[in-house]
Each structure stands twice: as structure tokens, then as C-alpha cells.
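Structure first, commentary second.
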Amino acid sequence: MSKKKSMRKKKIIICDTDKCDGCRICEYACAAYQDNTLNPRHSRIRVIRAEPIFNVAMSCVLCDEPDCIKGCPTQAIEYDEKERVIKIDNDKCDGCGLCIERCRYGSITLALGGTNAFVCDFCRDLGKPKCVEFCPKGALSYEPATEKNFQGLVKRIKEENEKQEG
């Protein structure tokens, strides 16, 4: 399957960096839904602040060839074709953290206590991620992955770098 064709099938969370103010409500909404806590360390989405340039909320981008899967020594991670999501089998996961090291986007996290890794499942059972639903600025959307989604972020970084240098 070609990369462009496979990317169109996948829906991911996209952050509009022009709208994101770094409030982290997305993290709280995720933690509340996923683990019934208001501790953002339980969140499957992370707000990254690139001062003074911008804020961006990042979650799993469903890589075509996920390094997290390749790097798992216990084969606890798999891509579920039907649900189009990365899944981690808690019975197989030993919390070694190699998947975290291998993820290029910082999308996998180790649970508090270091027992298991976890990753965004896009609130599959709800149809719409809670982080998207509760974003007060409308900065998050849940849409098909495209090269355009990533090109906008790269363009913004380049523009801001040019401003800093100029």
C-alpha cells in the first residue's frame, strides 16, 4: 500500500498552532476520560511549548512503519488495522520504555509507577477524542492524516526561525 493511500485512511489529532495557546485543557480532558483523574501525566496527548514560537499538542500520528512496534522486545505493541489505532497489550508490556525511546513524536508514555506504556487511542469508543471536544480555542481537530497536516507545522517553524535570524 502506498504511503499517501494509507495515510488518507488514518484519522489523527491535528493541532492548529495559530490557535493553540498552551492551556493544556486537552491533557486534562484526556486524563479524566482515560484514567478518571485530573493528573495530566495520565494524558495521551502532550502540549509542547516551543517558546517564543508556538504551542502544539501532539498525540500518536500513526506512522506507516511505527518504530515503537519494531522496538518492542515483548511484542506488546501492534497496529490494529480495523480500528486504525496502535494498541499496547498490558499483559505483555513490561514497562521497559524502549517504545518511548523509539517514538519520533514522543507519543508513547510510561504509566505512573512504570508498569506499562500507553498511547492515544483517539477515544475510539466515543468516535471523537475528548481532547478535541474540550479544546476551548478550537485548535484541535480529528481528521485524516495528510502530508499537508505536517507541512503546515514545518512551514511555521521555518518562518519563525527566519524571523529570529532576521
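Amide H to amide H, with H built 1.01 Å from N, residue 117 comes under 5 Å of 95, 111, counting only residues 5 or more places away or on other chains. Of all the options 95, 113, 22, the one that moves most in a Gaussian network model of the chain with Cα springs shorter than 10 angstrom is 113. Helical runs assigned H by DSSP (4 residues or longer) give the chain a calculated mean residue ellipticity at 222 nm of -8500 deg cm²/dmol, each run adding -39500 (n - 2.57) before division by the residue total. Across the chain, the longest piece that holds none of the trypsin sites (Lys or Arg not before Pro) lying in DSSP loops with up to 11 other C-beta atoms within 10 Å covers 1-81. Against the chain, whose longest principal axis comes from its Cα atoms, helix 25-35 is set at around 10 degrees.
Per-residue 3J(HN,Hα) values for the range 94-106, derived from phi via the Karplus relation 6.51 cos²θ - 1.76 cosθ + 1.60 with θ = phi - 60°, read 9, x, 5, x, 5, 5, 5, 5, 7, 6, 5, 10, x Hz in sequence order (x marks Gly and Pro). For the chain, the longest principal axis of the Cα atoms and the long axis of helix 147-165 meet at an angle of about 50 degrees. Phi-derived couplings, Karplus 6.51 cos²θ - 1.76 cosθ + 1.60 at θ = phi - 60°, listed residue by residue for the range 72-77: 7, x, 9, 6, 7, 10 Hz, with x used for Gly and Pro. The length gained on full extension between residue 141 and residue 18, counted as 0.36 nm times the residue separation minus their Cα-Cα distance, comes to 43.0 nm.
Each reported figure results from applying straightforward, stated rules to the coordinates on display, with no laboratory input. In this text the structure is predicted, and so the values were computed from the model without any measurement. So basically every Cβ, Gly included, is an ideal-geometry build from the backbone, and we count neighbours across all protein chains shown.
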